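Chemist: First the structure, then my questions, so here it is.
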Amino acid sequence: MDRYGLICRTILENPAVTQREMAKGLDISLGSVNSLIKECMAKGLIAEGEGGGERWRLLEPGRRLLEKYRVDGAVIIAAGFGSRFVPLTFETPKGLLEVFGERMIERQIHQLHEAGIRDITIVVGYLKEKFEYLIDRFGVKLLYNPEYSNKNTLATIYRARKVFEGRNMYLLSSDNWLRENMYHAYECGAWYSASFQKGETKEWCLEAGKKGRITGVKVGGRDSWFMYGPAYFSREFSNRFLPVLEAYYKLPGTEQFYWEQVYMDMLSGEAREKLEEAPQLLKEAEEKSGCPSEKWRLIEMDMNRQPENQVYEFENLEELRVFDPKYRDHSDNEAMALVARVFKVPEFRIKGIRCLKAGMTNQSFLFQVGEKQYICRIPGPGTEGLVNRAEEEVVYRAVIPLGITENLIYLNPENGYKIAEYFPDSHTLSAENWEDMGRFMQMVRRLHESDVTVPHSFNMREKINFYESLCRSHGGVLFEDYDQVREWMEQLMDRLDELSRPSCLCHIDANVDNCLVLPDGQMRLLDWEYAGMCDPLIDVSMCAIYSYYDDEQLDRLLELYLGRTPSQEERMVTYAYAALGGFLWSQWAVYKKVIGQEFGEYTIIMYRYAKHYYKKIRAL
């Protein structure tokens with residue numbers, strides 16, 4: 001880092017600054033400041049003030065020196081979900097949460113503006129539409145990262161690499177809160193903000209030379225300075241760093257890497273070792289960086305030590321409650337308000353909050369009130385158009401006496417919010433465990449034979465027609481041969497209508513992720529959103545295709561359900577529902593994609609089931 005530049009910048013910002021104030025602001029000794037002042041004066045960069053009370057003057061050579069250090073702009077990372085802040089982040093991206101009445105990202109934008117930095121790019125992903133207003137309010141630019149849901153910040157920086165190339169740029173995280181403004185119009189070298197942790201820490205700890213140059217990074221340490229807060233990429237740093245990051249992005253197995261991993265590996269020499277396994281990527285990185293890989297470890301970035309209580313990155317809602325008392329009792333979140341009402345407690349009594357694996361239809365989080373843990377389910381986007389919540393409530397009331405489902409605490413038939421007891425030390429069923437699959441099928445069969453009925457049915461023809469209309473009305477792009485396959489499905493439904501098949505209460509979505517295995521081996525069947533009266537074999541088919549079973553595995557599952565060899569009709573009916581289920585859920589996935597949820601290969605796999613089992617039935 002250019003210390004002459006730091007002296008010039010300090011005087012430019014405050015001509016009346018004392019040497020003692022310089023020493024404190026630059027985190028160097030008073031003796032070092034005294035020596036630097038003398039050297040800057042000797043080089044004609046600064047001079048003592050002339051009257052008017054000014055102590056120092058920045059001379060023209062000093063201004064020219066600073067010009068190459070002018071900050072060109074900032075990139076703010078705001079693409080992630082923020083799982084540790086559920087349920088708040090189900091509705092609001094973490095960076096848009098308020099601290100003391102001010103949104104965290106807006107506070108940082110204001111601080112950048114105070115430093116004269118107006119060229120600001122925000123990399124968005126999750127709930128990207130929520131950030132759109134910032135374009136009009138602050139003149140920022142938005143850059144969409146389509147990989148936000150399945151890759152980490154290495155991919156985010158890769159997507160934004162063109163914004164950094166050849167420029168001096170700040171790199172911020174939208175969910176940081178800075179007490180004092182630490183940004184400047186000029187920065188005299190790359191740096192990473194650092195905080196000090198006394199005792200043991202699992203943070204990314206920094207090793208540095210006497211002048212603050214970072215020489216190594218390791219995960220975990222004791223009594224250490226660690227990476228915490230914003231960073232600054234000089235154009236020289238980016239020129240050497242970004243080509244290596246780009247090579248890492250193309251290297252298999254780096255999808256969950258933070259961008260800092262690339263920097264850490266460059267310092268340690270591991271970057272060269274990893275890329276030696278992909279010689280072409282290594283060659284490209286060396287050529288683009290203009291530097292042989294054995295010298296990557298010399299990349300220059302300084303530690304920017306920050307005082308205690310300057311930089312905050314809140315880990316969870318409970319930390320934010322301690323910092324901003326508003327969140328103790330009123331988080332402005334619908335789910336938190338609901339839990340408080342149901343349990344008749346203030347919000348600060350709701351503890352141990354963490355995100356559970358998001359389902360394909362719903363979102364859910366775990367929480368604790370008193371000594372017990374519970375799960376709150378929040379319907380996902382577009383669910384109101386797919387699920388009849390009033391019918392779901394009817395089903396729950398009907399099956400609760402069977403003792404095969406959750407211990408329900410609350411269910412709202414209008415919006416689908418649900419609260420149930422949490423079963424500690426339980427796990428979902430594995431589709432590869434055939435012993436448990438056999439027990440699961442027998443539980444499903446007991447449901448079918450229970451004589452429990454509800455006043456509504458699950459009508460496959462109506463559901464297919466309905467999902468198709470949803471897709472078309474929302475501009476969903478259906479498959480190229482959709483009309484042909486749609487005709488095949490009509491044939492299957494006509495054939496099923498001709499059979500005198502039994503009807504009973506079916507779960508419809510009886511898959512392994514909806515089956516919970518308790519520590520004592522008991523099973524519970526969860527989430528009865530689609531349940532209704534239907535042919536019992538539909539539950540076998542839906543379980544099979546959700547598990548991505550092949551023909552042999554589906555046949556085995558059917559035998560486990562029946563407890564015997566199936567008849568020709570039973571086999572044909574199960575195949576028919578596998579085809580129809582695949583067709584229905586592929587429509588469902590197309591609709592969900594239109595409203596912003598992507599399920600990858602699931603859509604194609606379901607559609608293949610539709611075609612495969614139609615052809616298999618024709619061959620019988």
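The values are calculated or read from the model by the stated rules, or taken from the named source; none is laboratory data. Since the model is a prediction, treat every value here as computed from it, not as a measurement. Neighbour counts run over all protein chains shown; Cβ positions are idealised from the backbone, glycine included.
Chemist: Quick one: in the range 332-347, which of the residues that are in contact with a helix residue (DSSP H, G or I) (Cβ under 6 Å, 6 or more places away or on another chain) and within 22 Å of L96 (Cα to Cα) is surrounded by the fewest Cβ atoms within 10 Å (Cβ to Cβ)?
Modeler: My answer is E347.
Chemist: Here is a check on your reading of the model: is K151 free of Cβ contacts under 8 Å to residues at least 40 places away in the same chain and either outside the structural domain of I11 (by TED's automatic domain parsing) or part of a helix (DSSP H, G or I) (or both)?
Modeler: In short, no.
Chemist: Considering the range 450-467 alone, what residues qualify as being surrounded by fewer than 17 Cβ atoms within 10 Å (Cβ to Cβ) and either within 38 Å of the chain's Cα centre (by Cα) or on the phi > 0 side of the Ramachandran plot (or both)?
Modeler: Passing the criteria: D451, H456, S457, N459, R461, E462, N465, F466.
Chemist: Name the residues in the range 117-131 that are in a helix (DSSP H, G or I) and of a type outside the set (K, R), would you?
Modeler: Across the range 117-131, the qualifying residues are E129, F131.
Chemist: Does Y263 qualify as being part of a helix (DSSP H, G or I), crowded, with 17+ Cβ neighbours inside 10 Å and assigned by TED's automatic domain parsing to the domain that holds E294?
Modeler: Yes; evaluated as a whole, the condition is true for this residue.
Chemist: Restricting to the range 306-322, name every residue that is surrounded by 14 or more Cβ atoms within 10 Å (Cβ to Cβ) and either free of Cβ contacts under 8 Å to residues at least 60 places away in the same chain or aromatic (F, W, Y) (or both).
Modeler: Matches in the range 306-322: Y312, F314, E318, E319, R321.
Chemist: Which of the residues belonging to the range 323-377 are in contact (Cβ under 8 Å) with a residue 40 or more places away in the chain and of a type in the set (V, I, T)?
Modeler: Once the filter is applied, which keeps residues that are in contact (Cβ under 8 Å) with a residue 40 or more places away in the chain and of a type in the set (V, I, T), the range 323-377 yields V339, V342, I353, T361, I375.
Chemist: Every residue in the range 40-53 that is surrounded by fewer than 13 Cβ atoms within 10 Å (Cβ to Cβ) and charged (D, E, K, R), please.
Modeler: Within the range 40-53, E48, E50 qualify.
Every residue, every condition in (1) aromatic (F, W, Y); (2) part of a strand (DSSP E or B), yes or no:
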{"residue": "N181", "(1), (2)": "no, no"}
{"residue": "A194", "(1), (2)": "no, yes"}
{"residue": "E203", "(1), (2)": "no, yes"}
{"residue": "T215", "(1), (2)": "no, yes"}
{"residue": "V219", "(1), (2)": "no, yes"}
{"residue": "G229", "(1), (2)": "no, yes"}
{"residue": "Y232", "(1), (2)": "yes, yes"}
{"residue": "F241", "(1), (2)": "yes, no"}
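Chemist: Are any of the residues in the range 245-255 surrounded by fewer than 20 Cβ atoms within 10 Å (Cβ to Cβ) and either over 30 Å from the mean Cα position of the chain (by Cα) or not assigned by TED's automatic domain parsing to the domain that holds M182 (or both)?
Modeler: Checking the range 245-255: not a single residue is surrounded by fewer than 20 Cβ atoms within 10 Å (Cβ to Cβ) and either over 30 Å from the mean Cα position of the chain (by Cα) or not assigned by TED's automatic domain parsing to the domain that holds M182 (or both).
Chemist: Residue check, S83 against (1) surrounded by fewer than 21 Cβ atoms within 10 Å (Cβ to Cβ); (2) over 14 Å from the mean Cα position of the chain (by Cα), all met but one. Which one?
Modeler: (2)
Chemist: Within the range 401-426, which residues are of a type in the set (S, T, N, Q) and surrounded by 18 or more Cβ atoms within 10 Å (Cβ to Cβ)?
Modeler: T405 - this is the single residue of the range 401-426 that is of a type in the set (S, T, N, Q) and surrounded by 18 or more Cβ atoms within 10 Å (Cβ to Cβ).
Chemist: Further, regarding this structure: Do any helices (runs of 4 or more DSSP H) lying entirely in the range 299-346 carry at least 1 residues that are at pLDDT below 90 and among the hydroxyl-bearing types (S, T, Y), and which ones are they?
Modeler: Here the list reads 326-329.
Chemist: Is it the case that the range 572-583 has a residue that's crowded, with 17+ Cβ neighbours inside 10 Å and over 39 Å from the mean Cα position of the chain (by Cα)?
Modeler: Scanning the range 572-583, I find at least one residue that is crowded, with 17+ Cβ neighbours inside 10 Å and over 39 Å from the mean Cα position of the chain (by Cα), so the answer is yes.
Chemist: Six or more apart or on different chains, Cβ atoms under 9 Å: show the pairs whose first residue is in the range 293-304 and in contact (Cβ under 8 Å) with a residue 60 or more places away in the chain and whose second is in a helix (DSSP H, G or I) and surrounded by fewer than 23 Cβ atoms within 10 Å (Cβ to Cβ).
Modeler: Once the first residue is in contact (Cβ under 8 Å) with a residue 60 or more places away in the chain and sits in the range 293-304, its partners that are in a helix (DSSP H, G or I) and surrounded by fewer than 23 Cβ atoms within 10 Å (Cβ to Cβ) give I299/F237; I299/R240; I299/L267; E300/E236; E300/F237; E300/R240; M301/F237; M301/L267.
Chemist: Which one of the conditions (1) over 26 Å from the mean Cα position of the chain (by Cα); (2) more than 22 Å from E147 (Cβ to Cβ) does N316 fail to meet, given that it meets all the rest?
Modeler: It is condition (1) that N316 fails.
Chemist: Could you tell me whether R235 is crowded, with 18+ Cβ neighbours inside 10 Å, closer than 28 Å to S174 by Cβ and among the basic types (K, R)?
Modeler: No: the conditions fail for R235.
Chemist: Could you give me the residue pairs with C-beta distances under 6 Å whose first residue belongs to the range 436-453 and is closer than 13 Å to L562 by Cβ, whose second residue is surrounded by 17 or more Cβ atoms within 10 Å (Cβ to Cβ) and among the small types (G, A, S) wherever it lies, and which are 6+ apart or on separate chains?
Modeler: V444/A510
Chemist: Then there is this: Do we have any residue at all in the range 561-584 that's in a helix (DSSP H, G or I), in contact with a Pro (Cβ under 8 Å, 6 or more places away or on another chain) and in the same structural domain as S450 (by TED's automatic domain parsing)?
Modeler: yes
Chemist: Something else now. Among the listed residues L447, L470, L429, L478, identify the single one that is surrounded by 13 or more Cβ atoms within 10 Å (Cβ to Cβ), at pLDDT below 90 and touching an Asp or Glu at 6+ places or on another chain (Cβ under 9 Å).
Modeler: L478
Chemist: Considering only residues of the range 538-571 that are within 34 Å of the chain's Cα centre (by Cα) and surrounded by fewer than 16 Cβ atoms within 10 Å (Cβ to Cβ), which is nearest to V387 (Cα to Cα)?
Modeler: Result: Y548.
Chemist: Could you tell me which numbered condition C8 fails, if it satisfies all but one of (1) outside any helix (DSSP H, G or I); (2) crowded, with 21+ Cβ neighbours inside 10 Å; (3) not assigned by TED's automatic domain parsing to the domain that holds L178?
Modeler: Evaluating C8 over (1) outside any helix (DSSP H, G or I); (2) crowded, with 21+ Cβ neighbours inside 10 Å; (3) not assigned by TED's automatic domain parsing to the domain that holds L178 leaves (1) as the failure.
Chemist: Listed residues E246, E284; which is part of a helix (DSSP H, G or I), in contact (Cβ under 8 Å) with a residue 40 or more places away in the chain and under 18 Å from M169 (Cα atoms)?
Modeler: So the residue among E246, E284 that is part of a helix (DSSP H, G or I), in contact (Cβ under 8 Å) with a residue 40 or more places away in the chain and under 18 Å from M169 (Cα atoms) is E246.
Chemist: Would you pick out the residues in the range 369-425 that are farther than 28 Å from F348 by Cβ, modelled with pLDDT of 90 or more and either in contact with a strand residue (DSSP E or B) (Cβ under 8 Å, 6 or more places away or on another chain) or part of a loop (DSSP other than H, G, I, E, B) (or both)?
Modeler: Hits for the range 369-425 are E391, E392, E393, V395, Y396, A398, V399, I400, G403, I404, T405.
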